[in-house]
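Structure first, commentary second.
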Amino acid sequence: MSFLYTTPDENSSTVAECNGSLVHVENENSPAMLELQANNTHLYPSIQFESLTPSEADFVYSPPTKDSFHVSFYNDVKSQFLKQVEEKLPFIESTPVYKHGKDIYDYVHNKYLKSHDTLLQHDIFQAKKEAGLFKCIAWHPHQEILAVAHDDNQVYIYEKKENAWTCLVLSHPKMKQITCLEWKSKASGALAVACKDGVCVWTLEKTCAEQQPRFHPAATMRHLSHPGQENISSLAWDPTPGSHLLAVVSAVSSTLVIYDLLLNRTIPLKRIGSGNIIVRWSPNGEWLFQGGSSGTNSRVWDTRTWTFHKITNPAGLWIQAACWLPDNRTLLYSMCGKSDIHAVHLSGDIVKTGIINRQIFSASANTVTSDSGTKQEVGGIIRDMSIDKRNGQRLAIAFENTTLIALYSVKQVSLLSMLEEPMLFPIGYIRGCNVYYSGNSALNVSALPVNTKPLSLSFSSTYKDGALLAVTWNTGLITFVTHNFLTDEEIRRRFM
């Protein structure tokens, strides 16, 4: 397996991959663009974020109200009391009794009553808070629709129409501090959004949309919550044909909560620990990975028996990113603040299953030479990673301290080969590219500014000729990289 390893310079940008070779261009007139057109490689237009323009309702009904005598009297007494307290407050606060009582209250509140502020406790949430406009993205499992969580606590639904994207917006007071979202795999329009106080499950009806953002006219929301499950860190839909189970974890609770939306019941699986960061369901639904926070074991659940296997997290570390391979037996993950990629492989049958956990790759920071001879800083601490969901043959990795995205070819190996053969083969580095179509449908291509940083990655599961990668950037732009290659399935069909 050989690939042309390439690194773009600062004036170039990556528009596509063709059979293991990344295509870097400076503009739409670059010679490589002619080759892409000859191969019928479709380039997806970028999305430039536009905020929703506030608009007032056509009519708001306000029922007439008239306070009774008792309500008016109560309000007057309350107002006078608060006024007296406000005037006497400095004197009250200076008394020894007040100071001693406040010390006792602060101790009890901080130790037993204070709600956990996950955004301050975990670097992964602090990174989401400081990242910029976008918090997370998720592709629709069957259509060219992209859901994007914005820092204004709203979710923007983009749908591709020819050479443009339409936009509808989801908003609700319950959607605060969004951390992740995921489409239901066996439904046309069900989206779960993880928030501070629970999960918002949206049901979206098909409707007409425009390029200018507007509120979704046919969306309903159901709010799910469970005692102690605040600051939801991750969620995952059951991928089986029924697809009625929703797994939810919180960074301040060690309980894994399973919501059964078919039977309307909540199943908490309580275990010892301080919290969880991530949850991922295997493609066939047989395994559920629960990534624990610092001081908490990670677990791989067998959903047929709801027993689990422990994976010990190193001290002070937790799982930051994880993704299953299509073989349903191999999980790739990275730890917070590290540049290593680990693989968990499940062996055996349902009666006796063993786990092999080993490091398979290190993307440590280093300096590489670009195509033009300039030096580029690449690698380092992993921020996010995403695998090609349809074929499992491409892995993209975004880093904390570099603007380039690493692309790898994934070779699915057996358990015995896993201990000896490499699984990841570097293809090259991706630099952000802005693709847009002008009014006369003319294609325009330009490189992103040098210091533009990637925030999150997501591969589409609907692209049939290879893979399609969506990338959000800290400047408010969402770009796409088309990957055209012969899949393993296509090779078997043609040559075997």
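The values are calculated or read from the model by the stated rules, or taken from the named source; none is laboratory data. Here the structure is a predicted model, which is why all the values come from computation and not from measurement. Virtual Cβ from ideal backbone geometry, glycine too; neighbours counted across all protein chains shown. We work out accessible area using only protein heavy atoms, side chains counted, and drop any ligands, DNA or RNA first. Shrake-Rupley method; radii C 1.70, N 1.55, O 1.52, S 1.80 Å.
Please list Trp287, Trp324 in order of solvent-accessible area, largest first, computed with a 1.4 Å probe with all protein chains present.
Most to least solvent-accessible, the answer reads Trp324, Trp287.
Can you flag which of Lys186/Lys389; Lys135/Lys453; Lys102/Lys176; Lys310/Lys464; Lys135/Lys184 are past 25 Å Cα-Cα?
Those over the limit are Lys102/Lys176; Lys310/Lys464.
Any number yet on Rg/Rh for the chain, C-alpha, Kirkwood?
Details: Rg = 25.6 Å, Rh = 24.9 Å.
Taking Rg over the Kirkwood Rh, I get 1.03.
Using a 1.4 Å probe on the protein chains only, how many percent of the accessible area of the chain belongs to carbon and sulfur?
Looking at the chain in its full context, I get 52 percent from C and S.
For Asp327 and Glu93 in one chain, what is 0.36 nm times their gap in residues minus the Cα-Cα distance, to one decimal in nm?
On the way: separation 234, 0.36 × 234 = 84.24 nm, distance 6.51 nm.
Additional length available on full extension: 77.7 nm.
Apply the a/c threshold of 1.5 to the C-alpha gyration tensor of the stretch 231-332 and tell me whether it is rounded, prolate or oblate.
It is oblate, given that a/c is not under 1.5 and a/b is not larger than b/c.
For every helix of n ≥ 4 consecutive DSSP H residues, a contribution of -39,500 (n - 2.57) applies; sum these over the chain, divide by its total residues, and give [θ] at 222 nm rounded to the nearest 500 deg cm²/dmol. Working shown, then result.
Details: 7 runs with 70 residues, N = 496.
Estimated from H runs of four or more residues: -4000 deg cm²/dmol.
Take peptides 17-28, 363-374 and line them up by average Cβ neighbours within 10 Å, highest first, as a rough protection proxy.
Packing order, densest peptide first, comes out as 17-28, 363-374.
Tell me whether the stretch 282-325 comes out rounded, prolate or oblate; compute the Cα gyration tensor, take square roots of the eigenvalues as a ≥ b ≥ c, and use a/c under 1.5 as the rounded threshold. If you can, show how the numbers build up before the last one.
Details: a/c = 3.71, a/b = 1.64, b/c = 2.26.
Oblate, because a/c is 1.5 or more while a/b does not exceed b/c.
Kindly sort Glu182, Glu87 by accessible area of their heavy atoms, largest first, with the probe set to 1.4 Å.
Greatest to least solvent exposure: Glu87, Glu182.
Considering the convex hull of the alpha carbon atoms of the stretch 421-496, report its projected area averaged over all viewing directions, in nm², one decimal.
Computed as one quarter of the Cα hull surface, the answer is 8.0 nm².
Heavy atoms only, 1.4 Å probe, whole protein assembly: order Ser13, Ser51 by accessible area, highest first.
Ser51, Ser13
Under a point-charge model restricted to the Cβ atoms of Lys and Arg (+1) and Asp and Glu (-1), what is the dipole moment magnitude of the chain relative to its Cα centre, in debye to the nearest 20?
In total the dipole reaches around 1480 debye.
Multiply the residue separation of Asn40 and Lys186 by 0.36 nm, subtract the distance between their alpha-carbon atoms, and state the gained length in nm to one decimal. Please report the intermediate quantities before stating the final value.
On the way: separation 146, 0.36 × 146 = 52.56 nm, distance 3.08 nm.
Going from the current span to full extension adds 49.5 nm.
Let a ≥ b ≥ c be the square roots of the eigenvalues of the Cα gyration tensor of the stretch 370-496; is it rounded (a/c under 1.5), or, if not, prolate (a/b larger than b/c) or oblate?
It comes out oblate by the Cα gyration axes.
Under the rule of at least 5 residues apart or a separate chain, name every residue whose amide H is placed under 5 Å from the amide H of Asn297.
Sorted by chain and number, the residues that satisfy this come to none at all.
Heavy-atom accessible area per residue, the chain, 1.4 Å probe: how many Å²?
Numbers: 24360 Å² over 496 residues.
Per-residue value: 49 Å².
So, in Å, what gap is there between the alpha-carbon centers of the stretch 428-465 and the stretch 280-345?
After rounding, the separation between the Cα centres reads 31 Å.
Leaving out same-chain residues fewer than 8 places away, which aspartates and glutamates sit with a Cα under 17 Å from that of Lys338?
Asp123, Glu377, Asp384, Glu400
At a probe size of 1.4 Å, how large is the accessible area of Arg304, to the nearest 10 Å²?
About 100 Å², ignoring ligands and nucleic acids.
Which aspartates and glutamates does Lys160 reach when only Cα atoms under 13 Å apart count, and residues fewer than 8 places away in its own chain are ignored?
Answer for Lys160, where 13 Å is the Cα cut-off: Glu144, Glu210, listed by chain and number.
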